[in-house]
1. Is it true that C:SER83 is modelled with pLDDT of 95 or more, within 9 Å of another protein chain (Cβ to nearest Cβ), touching a strand residue (DSSP E or B) at 6+ places or on another chain (Cβ under 9 Å) and under 25 Å from A:MET281 (Cα atoms)?
2. Only one of (1) in contact with an Asp or Glu (Cβ under 9 Å, 6 or more places away or on another chain); (2) of a type in the set (A, V, I, L, M); (3) farther than 30 Å from C:LYS197 by Cβ is not met by C:ALA247, so which one is it?
3. Please verify whether C:THR114 is under 29 Å from C:THR157 (Cβ atoms), β-branched (Val, Ile, Thr) and either modelled with pLDDT under 95 or over 19 Å from the mean Cα position of the chain (by Cα) (or both), treating the condition exactly as stated.
4. Can you pull out the residues in region A:279-338 that are among the small types (Gly, Ala, Ser) and out of contact with any helix residue (DSSP H, G or I) (no Cβ under 7 Å at 6 or more places or on another chain)?
5. Please tell me if A:PRO198 is assigned to a loop (DSSP other than H, G, I, E, B) and either within 14 Å of chain B (Cβ to nearest Cβ) or surrounded by fewer than 24 Cβ atoms within 10 Å (Cβ to Cβ) (or both).
6. I'm trying to understand the selection: among the residues of region A:311-321, which are crowded, with 19+ Cβ neighbours inside 10 Å and facing chain C (nearest Cβ under 7 Å)?
7. Return the residue satisfying two criteria in turn: it lies in region C:52-80 and is farther than 22 Å from C:PRO35 by Cβ and basic (Lys, Arg), and of such residues it is surrounded by the fewest Cβ atoms within 10 Å (Cβ to Cβ).
8. Could you tell me which numbered condition C:MET236 fails, if it satisfies all but one of (1) within 20 Å of A:MET311 (Cα to Cα); (2) over 23 Å from the mean Cα position of the chain (by Cα)?
Amino acid sequence: MAEESKTPLLDELEKGPWPSFVTDIKMAAKRKPETMDLLNQLELSYEEKIGHWKHGGIVGVMGYGGGVIGRYSDRPDLFPGVKDFHTLRVNMPTGWFYTTKALRTICDIWDKRGSGMTNFHGSTGDIILLGTDTDQLQPLFDDLSEAGFDLGGSGSDLRTPSACCGPARCEWACFDNLQMCYDMTMEYQMELHRPMWPYKFKFKFSGCPNDCVAAVARADMSFIGTWRDDIQVNDDEIAAYAEGGLDIQADVADNCPTKCISYDASSKKIKIDNSNCVRCMHCINVMPKALKPGKERGCTLMAGAKAPILMGARLSSVIVPFVPKEKLEPPYEWFKDFIDRLWEWWDENGKFRERFGELLDRVGMRVFLKAMDMEPIPQMIEAPRTNPFVFWWPEDVETSGKEAK
Amino acid sequence: MNEDIKKAIFGFYEKKRKTKTRFPMKDIVTYLKDFNRREVKTTLMEMANAGDLKVWSSGSSSYYMMPEDFEKLIKAGAEEMEE
Amino acid sequence: MPAKTDIGPPYFKDFLPKVILDNYGKWDYHEIVKPGVLMHVGESGDKLWSVRVGGARLICTDRVREYCDIADEFCDGHFRFTSRHNVEFLVADEAKLEPLIKVLTDKGYPIGGTGNGITSIVHTQGWVHCHTPATDASGPVKAVMDELIDYFTGVKTLPAQLRIALACCLNMCGAVHCSDIAILGIHRKPPKPDVNKLPKVCEVPSTISSCPTYAIKPKKLEDGTKSIEINDERCMYCGNCYTMCPAMPLADPEADGIAIWVGGKVSNARSGPKFSKLAIPFLPNNPPRWPEVVDAIKNIVELYAADARKYERVGDWIERIGWETFFDKTGIPFTDMHIDDFDGGAPPPHIAFRTTAQFRF
């Protein structure tokens, strides 16, 4: 006789076409009693409409200050299997490309030492191993390290950098963002594993202005691939799109944000006024066979994005309009110097738990630019200020006063 | 390990532990302003590696604590859970 | 023997299939062959297909092993995940493409998420593992995707891509602040601190300074211990104090729920990145399927699908028709809560910064 289900609410979510996480928890629960407790605690949450987790404390792994998130059930009386149920972040391979061999290795290690539940992937990009107890943490790390894996970041550190699929799969990648993401991850292992800053700092690398890794919204330092010269046009392919039925005028030219594309329907040719092109990618997105980014490639550096806590959400804004491709390849001397000075400034001036973007808002962009010895340029702003409360550098007042005489 | 800095760091904790037990790296670096900032940070990390200090993390931010205070805090959390 | 530390992740190039290594940085163009199937063509003429499949994100090792089995059979052991939790099987041999699609379909995996439609909903832990959730994550995601599956599989299309994200609280892990539609877990009641326990488990100064609206003040208890008290009127229940101090819980099963935000985006195409804006201040948590949330989102999606012009993202569409028209057509009530009043309404400096990569040299 079939047993009456202990999880009637969650069972509901096994129906329907979208892959069901409940099915997966049940599969792991067959093998792991702690995962059965996870399932049952989740059902209680669904009944009571409240979470049952406590946080904090455990960092767990010798030599590191992060990579493990401590979690404890607040009902260990009911669910002893999840009394300690910590999460381990594993630094994913750049671009989330895997071999089945590597993934099976991770599965073997995790099945031996934890709940069998994972996230592919966490928000920052790490592989999340969801649920193990305190004394498994060090052995788990030892096994992963032996297999060639390392932990991701957590706490007040450099979080695991991430990148879109870049030159591995996309014709629009304007620089080797995968390689740079990997190289920076390796370069800054100290900063990643040993928290030493006011708060967290994130790098995200997108190969083009489509920004498929949402760098502009989610990274303190956002790398957006771009180009500086003219969009490459293949006239034959333009004509082919037109003959194929694409309404180039309406779909492409009319959607250009700066109206810099003119299309001649009789000759089936387009003309791009590149000096007014802001490289938004729309025309390229629509006609990938006919249009390509220019040849002089690199990236735009934008900085300061974050989620709402504490002073509101921020998008990154332009700080270096164009870094040429050559500077985005080993040995990265220019960038390493730049980011070291930026981190130094943020670390010295930032309050506890103050993100880089919040510091920028608190002290003002002019203070940052002076500290970094950078020139202000109009590409940094949407428009000049509208409030008249202008700070002057005293030395500039002295100088201009003398000139006036 | 820079023994002068290590001594100064222990001095910091001796003084401050009466009111607080969890300190972000910043608090310690600011207090030890007569020393080189980078050296202070390096020493803190070395002390954490060696077990002279413990790192407590909420997941989003990180604090440095004396080992006894760390153990007390973990236990206090555990006691709360067992209520 | 102690483990090696600081070794970093495995080198990604060791995981790339031959066709990618041969064409790395030398791809010519791509096409969407059919929903969920991308074809990439190299300058060499080599072809690679990516078959994109919906992923639940919260998956067990058995599931990962099943993906591996499929990838071994059809992809020489290579596949990847997308930045939005979906799975992409990388097929170098065209003869294996249709057999792979058949196997995936037979196993019930939805194929899609390409082109002008809805891909997976970016989300994190919710009641499964988060310590500050106002709602679950995986549950609402499953409920919404079940309802909107046709926009994933390409049975129905949209004027442009529509990115949905969910955050189980105001910490907003993920790009919830810049999504076409965002599902946000919210609290609506101030914390009830245990002022006696608080000084024992929390740092009073950090707790006080964690509040964005200065709603927490120091208060001495009768025995002289320093604790805190909350000015309830200044509290907007963001829960940051609870992140800093476990003795300040604020979760409440009836007051907690979900807010819906609309109109954000991250790409620079046509229009620059935009924040999401508040559409619906509160819908109740109604597990297991959150019907109010699903209906509200479906309503917005269907209206957008019918009314927006080709290539207009949700935010672009609303800007063109005007917010008053949006509220009118969706039937969503406009309230005083829709009007920004954080910090007295003074826009912070970054509002005037160039938060797009769209610029002239």
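The values are calculated or read from the model by the stated rules, or taken from the named source; none is laboratory data. Computed from a predicted model, the values in this text were never measured in an experiment. Reconstructed Cβ throughout: ideal geometry from the backbone, glycine too, with neighbour counts over all protein chains shown.
1. Working: modelled with pLDDT of 95 or more: yes; within 9 Å of another protein chain (Cβ to nearest Cβ): yes; touching a strand residue (DSSP E or B) at 6+ places or on another chain (Cβ under 9 Å): yes; under 25 Å from A:MET281 (Cα atoms): yes.
In short, yes.
2. Among (1) in contact with an Asp or Glu (Cβ under 9 Å, 6 or more places away or on another chain); (2) of a type in the set (A, V, I, L, M); (3) farther than 30 Å from C:LYS197 by Cβ, C:ALA247 violates only (3).
3. Here the answer is no, as C:THR114 does not meet what is asked.
4. Keep residues of region A:279-338 that are among the small types (Gly, Ala, Ser), which gives A:290, A:294, A:298, A:303-305, A:307, A:312-313, A:316-317.
Scanning region A:279-338 gives a single hit, A:GLY294.
5. Here the answer is yes, as A:PRO198 does meet what is asked.
6. The answer is A:GLY312, A:ALA313, A:ARG314, A:LEU315, A:SER316, A:SER317, A:VAL318, A:PRO321.
7. C:ARG65
8. Answer for C:MET236: the failing condition is (2).
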